[in-house]
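Some notes on the structure that comes next.
The values are calculated or read from the model by the stated rules, or taken from the named source; none is laboratory data. No experiment lies behind these values; they were computed from the predicted model shown. Note that we place each Cβ from the backbone using ideal geometry, even for glycine, and neighbour counts take in every protein chain shown.
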Amino acid sequence: MLDFLLTSDAIMALLTLTFLEIILGIDNIVFISIAANKLPESQRSKATNIGLLLAMVQRIVLLFFVSFLIGLSEPFYTIDTDWLHLAISWQALILFLGGLFLIYKSTSEIREKVESPKHDEDSMKSKVIKSLKQAIVQILIIDFIFSIDSILTAVGMTNGLHPNHNYTLVLMIIAVIISIAVMIGFANPIRKFIDRNPSMQILGLAFLILIGFMLITEAAHLSHTEFFGKSVGAIPKGYLYFAIAFSLFVEFLNFKTVKKK
């Protein structure tokens, strides 16, 4: 286990996944803060911390469930025609549907943030919260919604790193724990940084489109898909790491240029 966690692939996956979890968790922090701010001053910090801890527990439970489904790699249905061969398993089906969901969710979020960035916040502010219990229930619902793309991102970043799913599960859990710990400790500074640099969140959502596409190709590869005798290969994770690193480097240069001006 330790040998795997110290490999360059595992370290890169952990760093990239933790970064994405933090960037994509900003909306989660914003909505939790809106819910918590409806409570008396003495209860706000408590509600925020409980909300983030529940988010961590909820994501770890979902990780176990999704990892179990991904472990079901035996095909349950086969399509074999003159031009198409496909051996569908639960593993491939989960990855394919997860990829489609990430692409749809990311493009929808990008469009919404460009056209009406405060729409979700305004609708959240209109909801009535009178007690700590009500706030925590509201936060749990918010956490669950945001947990889905978080889990699918984790699966996309770690799938195929090791044949033993338990190893990649541990890696995903470590990334979730680190990201939640960072959000608990630095929620306000992170939120202020994203408010000043909204392009960072758009960039994070764009990365999800890449991960969604990679999940779809991974599903096709694991299904031994062949179109007209041509098989679909897996996309090496290095391509994804390079695309993310290069985009962040360009964003960093843009950030420095704007700051100087």
Check your understanding: Based on what the data block shows, is Ile216 among the aliphatic types (A, V, I, L, M), farther than 30 Å from Thr81 by Cβ and surrounded by 13 or more Cβ atoms within 10 Å (Cβ to Cβ)?
Key -> no
Review point. Got at least one residue in the range 182-192 being surrounded by 16 or more Cβ atoms within 10 Å (Cβ to Cβ), among the polar types (S, T, N, Q) and farther than 14 Å from Asn159 by Cα?
Key: no
Review point. When you look at Gln138, is it at negative phi and modelled with pLDDT of 80 or more, yes or no?
Key: no
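Got at least one residue in the range 151-165 being more than 18 Å from Leu14 (Cα to Cα) and in contact with a helix residue (DSSP H, G or I) (Cβ under 6 Å, 6 or more places away or on another chain)? Before the answer, list the steps.
Here is the first cut: in the range 151-165, the ones more than 18 Å from Leu14 (Cα to Cα) are none.
No.
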**Study point:** Subset of the range 159-169 (residues that are within 17 Å of the chain's Cα centre (by Cα) and under 14 Å from Phe64 (Cβ atoms))
**Key:** Thr168, Leu169
**Study point:** Any pair with Cβ under 7 angstrom, 6 or more apart, that starts in the range 145-162 at a residue that is within 13 Å of Leu20 (Cα to Cα) and in contact (Cβ under 8 Å) with a residue 60 or more places away in the chain and ends at one that is among the basic types (Lys, Arg) and surrounded by fewer than 20 Cβ atoms within 10 Å (Cβ to Cβ)
**Key:** Asp149/Lys105
**Study point:** Subset tally (residues that are buried (at least 16 other Cβ atoms within 10 Å of the Cβ) and within 12 Å of Leu152 (Cβ to Cβ)) for the range 70-99
**Key:** 6
Exercise for review: Please go through the range 8-31 and pick out each residue that is of a type in the set (Asp, Glu) and either modelled with pLDDT of 75 or more or in contact with a Gly (Cβ under 7 Å, 6 or more places away or on another chain) (or both).
Suggested key: Asp9, Glu21
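Kindly provide the set of residues from the range 1-52 that are of a type in the set (Gly, Ala, Ser) and either on the phi > 0 side of the Ramachandran plot or without any contact (Cβ under 8 Å) to a residue 60 or more places away in the chain (or both), ordered by number. Full working, then the answer.
Residues of the range 1-52 that are of a type in the set (Gly, Ala, Ser), as a first pass: 8, 10, 13, 25, 33, 35-36, 42, 45, 47, 51.
Ser8, Ser42, Ser45, listed by residue number.
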Practice item. Check Gly238, Gly229, Gly233, Gly204 and return the single one that is within 20 Å of the chain's Cα centre (by Cα) and surrounded by fewer than 12 Cβ atoms within 10 Å (Cβ to Cβ). Key: Gly238
